[in-house]
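This report concerns only the one structure given below.
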Amino acid sequence: MLSYIKEEQESILHWIMTFHAGFLGTYGILLHSGNFGNAMTGNFTSMAADLVSGHFPHVLLRLGALLLFSSAAMISYLLSRFTSLPIKRLAVLGDALCILLVVSLPETLPPILSVYPIYFCSSFQWGAFSSARGYNCASVFISNNVKQATLAWTQYWIDRESKLKRKAVLYTFTVLSFFFGALTGSFAALRIGVNGAFIGFAPLSISALLLWFFESNEHDEITVSDI
């Protein structure tokens, strides 16, 4: 079991963080008027509708969400390129702080403002957990992952190459992880309410422990090889 976890550490971490993204994204949708903080697609469509409807203050709030999302992507990239900081650990910590902030924000705020922390942290997480097994695989939304899973299984059935099966499994489990995270987020929002966000600490704690475990093993291996 431990050998499997060690071999598939990148994929397992990716799936757990995808579960968390599905959880937090669905929680945000259900408790904040349908605002999905994991991506910009819904934000842009709502911004267009607000612009045509003349709701210009809402347009500004949507632009603020775009700025936060873009800034987090830029910060994640710059930190990974020009520093040796542990980006994945920072992403896990950022998601934990996001939960605390979302829960503590006043319920009187406009729904889009209440999702601002999710916009920022989801984008930062996407930068930290953007690939696995050498494939680009977003952890915060699943449209392309569904496409890639479908194509990989189709190609595997035709060509029977083991690497295609491995790719198909990666994307399939990513999609399933997001869905089960969404199920958990639905339970948290609909059955518990605002404080249901604290359930999100469970996958984040597991991710933090796995990161510590993997990094400890890597350090041990380097130490042994240097002797």
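The values are calculated or read from the model by the stated rules, or taken from the named source; none is laboratory data. Because the structure is a prediction, the values reported are computed rather than measured. Using ideal geometry, Cβ is built from the backbone for each residue, glycine included, and neighbour counts are taken over all protein chains shown. In case anyone asks, the SASA skips ligands and DNA or RNA and just uses the protein heavy atoms, side chains included. Shrake-Rupley method; radii C 1.70, N 1.55, O 1.52, S 1.80 Å.
What is the calculated FRET efficiency for Phe198 to Asn136, with r their C-beta to C-beta distance and R₀ = 30 Å, to the nearest 0.05? In this case the efficiency is close to 0.40. Legend note: in the chain, cysteines whose Cβ sits 4.7 Å or more from every other cysteine Cβ are Cys137. Averaged over residues, the count of other Cβ atoms within 10 Å places the peptides 152-163, 195-206, 91-102 in the sequence 91-102, 195-206, 152-163, highest first.
Per-residue ellipticity at 222 nm, computed for the chain from helices alone with -39500 (n - 2.57) per DSSP H run of at least four residues, works out to -25500 deg cm²/dmol. Between the residues Ala152, Leu100, Ser186, the greatest Cα displacement towards the positive end of the dipole of the chain, with unit charges on the Cβ of Lys, Arg, Asp and Glu, is found for Ala152.
Atom-type composition of the exposed protein surface of the chain places 68 percent of the accessible area on carbon and sulfur (1.4 angstrom probe).
Excluding ligands, DNA and RNA, the accessible surface per residue across the chain is 53 Å² with a 1.4 Å probe. Relative to the dominant Cα principal axis of the chain, helix 9-31 is inclined by about 10°. Phi-derived couplings, Karplus 6.51 cos²θ - 1.76 cosθ + 1.60 at θ = phi - 60°, listed residue by residue for the stretch 201-210: 5, 5, x, 5, 5, 4, 4, 4, 5, 5 Hz, with x used for Gly and Pro. For Leu93 and Phe180, the FRET efficiency from 1/(1 + (r/R0)^6), where r spans their Cβ atoms and R0 equals 35 Å, is about 0.90. Any idea how far apart Ser33 and Leu63 come out in nm if each label point goes 7 Å out from Cα toward Cβ? It works out to 1.9 nm between the two label points. Would you please classify the overall shape of the stretch 67-106 from the alpha carbon gyration tensor, given that a ≥ b ≥ c denote the square roots of the eigenvalues, rounded means a/c under 1.5, and beyond that prolate means a/b larger than b/c while oblate covers the rest? Verdict is oblate for the stretch 67-106. The simple spin-label model puts a point 7 Å past each Cα toward its Cβ; for Arg160 and Leu85 those points are separated by 5.1 nm.
Out of the chymotrypsin sites (Phe, Trp or Tyr not before Pro) in the stretch 28-127, which ones are loop residues according to DSSP with at most 14 other C-beta atoms within 10 Å? When the chymotrypsin sites (Phe, Trp or Tyr not before Pro) of the stretch 28-127 are filtered for loop state and at most 14 Cβ neighbours within 10 Å, nothing remains. Ranked by the mean number of other Cβ atoms within 10 Å of their residues, highest first, the peptides 55-61, 104-110 fall in the order 55-61, 104-110. The stretch between Ala49 and Asn144 holds 31.7 nm of extra length on full extension. This uses 0.36 nm per residue minus the Cα-Cα distance.
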